[in-house]
Amino acid sequence: MKIVIVGGGKVGFAIAREVSAEGHDVTIIDSSRAVCDRLSLALDGMTVQGNGAALDVQHAALVPDSDLLIAVSPNDEANILACMLARKIGCANTIARIRSRSYLDGVQLLREELGLSMAVTPDLYAAREIFRQLQLPAFLRRESFAKSRAEIVAMEVDADNKLCGKKLMELPRVLRHRVLVCAVRRGKEAFIPDGSFAIRAGDEVYLTAPAATLSRTVDELGLRKKHAKNVMIVGGGRLGEALAELLREAGVRVKLIEQNAERCRALAEHLPDVSVLCADGTRQDFLFSENISQMDAVVALTNLDEENVFICMYARMQGVPQAIPRVNRTEYAAVCQNCGIRSAVSPKDICVQEITRYVRAMESTDAESVLSVYSLLGGRVEALEFLVTADVPHLGESLASVTLQPGILLACISRGAKVIFPGGGDSLQAGDTVIVVAPRERHIAELRQIFAERG
């Protein structure tokens with residue numbers, strides 16, 4: 001596909017790198033000559049200097065002949081206008097990053113009139129991800145599939161965990177509720193394991209489980225931790241505000257610390273049930289005076305990665321069970337792990353992931369076959385959700401008689417309200433949704449690609 005990206009900043013560059021790696025033809029529009037020159041050297045693609053919402057610039061970037069325009073410049077209005085113009089001159093699909101929540105309702109209401117295929121709000125997505133982590137703190141990450149009937153969750157296995165030392169084929173004897181281990185990170189290695197794979201202490205394990213039994217699985221594994229009831233948020237920007245709103249609605253007590261006095265007044269007016277404090281949240285003496293050690297969780301959401309990591313390190317030193325920093329530089333992930341910070345959230349990465357999911361779905365010859373794509377193990381493995389259509393091979397055949405491509409795992413089948421962990425006697429039926437786990441380099445775009453050809 002031919003894809004045009006408006007905005008060559010961190011998000012635009014990351015999207016371009018991802019879609020270029022999958023063989024797409026990428027053109028980037030940016031107003032800065034220096035940015036265009038840098039991207040020309042870093043990426044195998046064309047750059048066009050200029051205003052991405054200008055007609056002559058879009059023609060120079062061959063937007064009318066493109067399959068998709070993605071507008072991720074820093075300006076929401078420019079992104080919306082770029083998408084409207086692109087649709088008007090012939091580009092069939094457009095995506096706009098909308099950072100201001102004040103635009104969101106109007107954009108969703110007028111999405112068809114604005115010519116938008118998709119609107120991405122990174123801070124709102126990140127707020128929901130953090131909220132989910134605070135609700136079930138035993139897990140490093142949670143992803144929902146099959147209309148929220150199934151989940152993939154990530155957890156770190158310690159020596160006392162029931163799974164430690166067990167081969168995957170032994171799990172039905174260990175757990176009353178069925179789960180499937182679909183991916184494992186061990187040090188720098190990533191595995192899509194088979195039944196003979198044995199779990200070790202220190203492994204980061206991804207489990208597939210029905211959402212209805214997830215809480216009971218937590219209890220069986222001895223991972224039950226109380227969800228956060230007292231949360232301190234440092235940083236009152238868009239992300240901090242969105243998270244505070246979600247937590248307040250769930251009955252969680254929130255302290256929101258913001259340094260800008262005018263912003264504090266706006267937050268206090270919008271969030272009357274939240275304790276808004278105007279102070280420097282990086283000061284240890286202030287955090288101590290606000291009883292940081294009594295918090296169930298601390299979430300650091302300032303604009304500086306270093307500040308966020310520092311705040312969370314201090315929170316962990318004070319005995320706070322859960323500390324989540326906002327980070328956009330990938331090199332800080334290892335720092336966080338080494339400092340006892342089990343999870344971090346990046347709005348930039350979430351934005352890139354949401355957009356690349358859409359791009360992957362467009363690759364399919366059947367527009368409805370790919371429902372979603374999730375990145376696991378730092379992007380080395382993907383979990384893909386497919387709709388099983390009537391023309392998929394091997395419908396009705398027992399899976400025992402069907403051979404999958406090497407390294408591919410059929411992790412889950414959702415049929416109506418039922419979640420099935422497939423065995424040899426199960427089969428695929430039209431209308432099912434399935435979760436497939438595969439190495440990212442396989443570039444699975446259609447469900448038929450998971451089957452081995454018969455000789």
Highest mean packing first, using Cβ neighbours within 10 angstrom, the peptides 262-275, 310-323 sort as 310-323, 262-275
Once amide hydrogens are built 1.01 Å from N within the peptide plane, the residues lying 5 or more places from Arg342 or on another chain with amide H under 5 Å from its amide H are Ala323
Note to self: with every protein chain in place and a 1.4 Å probe, segment 52-170 gives an accessible area per residue in Å² of 43
Read-out Rg and Dmax of the Cα atoms in Å, candidates (i) 23.1, 71; (ii) 22.0, 67; (iii) 21.8, 80; calculated match is (i)
The lysines whose Cα lies under 17 Å from the Cα of Lys147, excluding any fewer than 8 residues away in the same chain, are Lys418
What helix-only [θ] at 222 nm does the chain give? Using -39500 (n - 2.57) per DSSP H run of at least 4, over all residues, to the nearest 500, the answer is -9000 deg cm²/dmol
Quick calc, segment 214-282, dipole around Cα centre from Cβ unit charges on Lys, Arg (+) and Asp, Glu (-), nearest 20 debye, gives 320
Given the candidates Ile95, Ile80, Leu114, the one whose Cα lies deepest towards the positive end of the charge dipole of segment 73-116, counting +1 at each Lys or Arg C-beta and -1 at each Asp or Glu C-beta, is Ile95
When the charge dipole of segment 253-347 is computed with +1 on Lys and Arg Cβ and -1 on Asp and Glu Cβ about the Cα centre, the Cα farthest towards its positive end, among Val274, Pro347, Leu304, belongs to Pro347
Carbon/sulfur accessible area of segment 38-102, % of total, 1.4 Å probe, equals 53
On the accessible surface of segment 344-455, probed at 1.4 Å with all protein chains in place, carbon and sulfur together account for a percent value of 50
Ranked output for segments 246-255, 79-88, 413-422 by mean other Cβ atoms within 10 Å, highest leading, reads 79-88, 246-255, 413-422
Expressed as a whole-number percentage, the relative contact order of the chain with C-alpha contacts under 8 angstrom and at least six residues apart is 11
In Å², rounded to a whole number, the accessible area per residue of segment 234-320 with probe 1.4 Å is 48
To the nearest 20 debye, the chain has a Cα-centred charge dipole, built from +1 on Lys and Arg Cβ and -1 on Asp and Glu Cβ, of 1260
With +1 at each Lys and Arg Cβ and -1 at each Asp and Glu Cβ, the charge dipole magnitude of segment 143-272 around its Cα centre, to the nearest 20 debye, comes out at 380
Going through Lys2/Lys88; Lys229/Lys255; Lys10/Lys348; Lys162/Lys188 one by one, the pairs whose alpha carbons sit over 19 Å apart turn out to be Lys162/Lys188
In whole angstrom, the spacing between the Cα centers of segment 389-424 and segment 87-140 equals 32
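The values are calculated or read from the model by the stated rules, or taken from the named source; none is laboratory data. This one's a predicted model, so the numbers in the text were calculated from it and none came from an experiment. With ideal geometry, Cβ positions are generated from the backbone for all residues, glycine too; neighbour counts draw on all protein chains shown. Side chains included, ligands, DNA and RNA excluded: accessible areas come from the protein's heavy atoms. Shrake-Rupley method; radii C 1.70, N 1.55, O 1.52, S 1.80 Å.
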